[in-house]
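Data first, discussion second: the structure below is written as structure tokens.
The values are calculated or read from the model by the stated rules, or taken from the named source; none is laboratory data. Since we're looking at a predicted model, the values are computed, not measured. For neighbour counting, all protein chains shown are included, and Cβ atoms are generated from backbone atoms with ideal geometry for every residue, glycine included. Accessible surface areas use protein heavy atoms only, side chains included; no ligands, DNA or RNA. Shrake-Rupley method; radii C 1.70, N 1.55, O 1.52, S 1.80 Å.
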Amino acid sequence: MVYNDLKIQIGNNIAACRKRCGLTQAELAEKLDYSDKAVSKWERGLLSPDILLLPKIARLFQRAHLLQNGSLHLYILIILMAVLALLVFALVS
């Protein structure tokens, strides 16, 4: 139950960050070397990105967002999601 809620929250955050950065699912997928179908599944909470991919996603959103308004809020949010995911994974395992 907690893991499913976490997947949905991560997906919602990825979608919100992607939209704030003005990227389509296809553009995000291309930058991450994944398919747009994978990004769609992440955003709908059907799958979660690999935990090792989260820092790359954070850096991508940070660069895109910094170009828009100089804020680090999205970067911090993604890093916190990664830490939370690691903690939940450790508890479930």
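Okay, here's what the table says:
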| quantity | calculated |
| --- | --- |
| Positive-pole candidate from A38, A16, L28, dipole of the range 12-52, charges at beta carbon | A16 |
| Reach of K19 by Cα under 16 Å, taken over aspartates and glutamates that are not fewer than 8 positions away in the same chain | E27, E30, D36, E43 |
| Solvent-accessible surface ranking, highest first, for K7, K31, K41 at 1.4 angstrom | K31, K41, K7 |
